[in-house]
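Some notes on the structure that comes next.
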Ligand SMILES: O=C(O)CCC(=O)C(=O)O
């Protein structure tokens, strides 16, 4: 188990008030190079749950997956059950403890891993969204730990959040991240998210420049996005999703299909005490 960065009262207060907090040097260089290698591997041989803005271009005019090094938003997820590195990252890097501590939970169960890559000169933003409407869960203690494997400014596609939006009591209909990538999400219920970009000054937006190894820990109810990557280097982040004490399993027909009712014995509306699908990563 890696040494965990110290979580201070200031971190806890910021997470509670803003719905997001940056934890510097959350993971060390070994994990960072592992994430970068994972990115190379998944780009070359994507998993089952891939979303790829270049999918239509692969194979066209001789383009192979390896040659598409510009203008590409690529996501892959739910790798932990087959990929040893991802599994070790989930359980041994300390990210579970960050989530558990900041949620104020007694334990943190794991939901899924999400690799998010934007090649240089990728115009595609990750749209403004809340995470919770994509997922088959409800509860206030549900959070992500987003770890950047590269130094990153907001212009190079780091994340921005609307401060305090986790407390709005709103549930916004999801949007697909990439064309065809998560179109299942668009059948989910929810309010129409206002056009944040058209009225940025109406919102209290906070953005985070990060160093490789920094983590952004945020509530699944926080409204957030990332712009495209205007920079000249690949942007790679690995997000892990965590369930605290008050999380309940609430599958809907259009929830993320990576884990469905067919995969678990958990009854809808109850705590997800399934050590196989939602294993404990940390306890207080
Ligand atoms: O990395 C990104 O662009 C988006 C990340 C995100 O939305 C998430 O981890 O929930």
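None of the figures in this text is laboratory data; all of them are computed from the coordinates on show. Computed from a predicted structure; not experimentally measured. Methodologically, a virtual Cβ is constructed for each residue, glycine included, from the backbone with ideal geometry; neighbour enumeration extends over all protein chains shown.
Tell me, in nm to one decimal, what length is gained between residue 284 and residue 199 on full extension, where the rule is 0.36 nm per residue of separation less the Cα-Cα distance? Stretched out fully, the residue 284 to residue 199 stretch lengthens by 26.5 nm. Over the range 9-258, Cα pairs under 8 Å with separation of 6+ residues give a relative contact order of 33 percent. Quick one: order 223, 266 by neighbouring beta-carbon count within 10 Å, fewest to most. Listed from fewest to most nearby Cβ atoms, that is 266, 223. Note on residue 260 and residue 41: their simple-model spin labels are 2.8 nm apart, each label 7 Å out from Cα toward Cβ.
Between residue 171 and residue 184, the distance separating the two model label sites (each 7 Å from Cα on the Cα→Cβ line) works out to 1.9 nm. Legend: calculated FRET efficiency, residue 87 to residue 246, from the Cβ-Cβ distance at R0 = 25 Å, rounded to 0.05, equals 0.45. In terms of other Cβ atoms within 10 Å, 184, 49 run from fewest to most in the order 184, 49.
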